[in-house]
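Following: one structure in structure tokens, then a few remarks.
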Amino acid sequence: MDASASSSEGGESNSAAAWKQFVSTGRGPWQEVPAEQWEDWRWQLKHRVTSLEQLERLLPTLTPEERAGTILANRKLALGITPYFFNLIDPADENCPIRRQVVPRIEETVTAPWERTDPCGEEAHSPVPGLVHRYPDRVLFLVTDRCAAYCRYCTRSRMVSNASGYDFHPQFEQQIEYIRKHPEVRDVLLSGGDPLLLSDEKLNELLGALRAIPHVEFLRIGTRIPIFLPQRITSSLCSVLRRYHPLFISIHTNHPRELTLESRGALERLADAGIPLGNQSVLLRHVNDDPEVMRVLVQKLLMCRVRPYYLYQCDLIAGSAHLRTSVRRGLEIMRQLRGYTTGYAVPTYVIDAPGGGGKVPISPDYVIQHTPERVLLRNYKGECYEYPEMPEEFSSVVAPESRCATEWAG
Ligand SMILES: *Cc1c(COP(=O)(O)O)cnc(C)c1O
């Protein structure tokens, strides 16, 4: 690996201080490649690591679990890593948090009884192919089945990467027509696959068609491109995106080392185009299931002008048990964020309810007791405080059901 990657105070590369640094990993094993090719996103895509042969050559410490996983798991979800992202892997560390996200392991072929190929029941809420309409006012619009690189815990691995032969041919016409006919849809979230893999022209067309629908107020894109392929965030892409405001982007980052000089540059270009940026993380075992890693991550995101949005409990996707962490641990991480750092840095921890219930927020308990007379609170340090409750005849905001619940409790 390039020397610049491991240079930090004290030569200690596995500490909070080192994770906080913005570094460039350099070209690593691709030293010979001229800079203009390395910085070209099409070159990066074309030269992705996709085979066992490449992996063995580039990662001499490949373990038997990873070798077997690459042979077998690859049939369910393709192996794909951009050279840029590959260089973030620490070859000396078998448990490297970057490596665990993208290098297949044999455990992926083991399916626990509660695991599913469609853990969030998306197919059941799909009125037309490639559209998920679960919530009253918004839809998930699947744009492509390809990503720049493949996360081994992908919640949509059933249809992504084309490794398992899923027949995904989104018909934008049909998807757009559904939205046009449903005036309640005021919010469209483009996802996939990664929407930013489409050409500037195709994105321009798609966003233009959605913007032309009067009741669509708000557009969003979910993408991991700024992390896997920051070279894709060109000035011409930004000038396409900025024509369709209000447009938000949610990125996906799990470990602070993914925030490099290159990804910070890409995020800066997006933010300068006026795009509000959020981040979604997935809680992953030996990647970010640690309060210190998560604190550095969320603080580093703010330095990139990205607001942490959601922290997901890992979906029950088939073959993900080795990457899953307990909800108890997730709650403990949340408890160690709230109050210890700014609220801007604290995401909402959610479980996407198995079977299709949608995202359910979960939080450590800060309300110890709630009676008609008072609310007993616990602050972030565990100290208790009391706040008087309003008599109910003054609080017209209480919904009929919850008023009923208070009466019962009383
Ligand atoms: C996550 C999700 C959304 C967006 O939810 P927000 O809370 O608005 O970010 C919309 N539709 C589906 C099916 C989703 O899973």
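Bear in mind that the values in this text are calculations on the coordinates, not laboratory data. Nothing here was measured: the structure is a model prediction, and the numbers come from that model. FYI the Cβ positions are ideal-geometry reconstructions off the backbone, even for glycines, and counts take in every protein chain you see.
Taking the stated definitions as given, is Val49 more than 16 Å from the ligand (Cβ to nearest atom), crowded, with 19+ Cβ neighbours inside 10 Å and over 29 Å from Arg220 (Cβ atoms)?
yes
Could you please give the count of residues in segment 294-313 that are of a type in the set (Val, Ile, Thr) and under 16 Å from the mean Cα position of the chain (by Cα)?
Looking only at that region, the number is 2.
Consider segment 126-145. How many of its residues are among the aliphatic types (A, V, I, L, M), near the ligand (Cβ under 9 Å from one of its atoms) and touching a residue at least 40 places away in the same chain (Cβ under 8 Å)?
Residues meeting the conditions: 2.
Check whether at least one residue in segment 208-220 is within 14 Å of the ligand (Cβ to nearest atom), charged (D, E, K, R), free of Cβ contacts under 8 Å to residues at least 60 places away in the same chain and closer than 30 Å to Glu108 by Cα, and report yes or no.
No, there is no match, as no residue in segment 208-220 is within 14 Å of the ligand (Cβ to nearest atom), charged (D, E, K, R), free of Cβ contacts under 8 Å to residues at least 60 places away in the same chain and closer than 30 Å to Glu108 by Cα.
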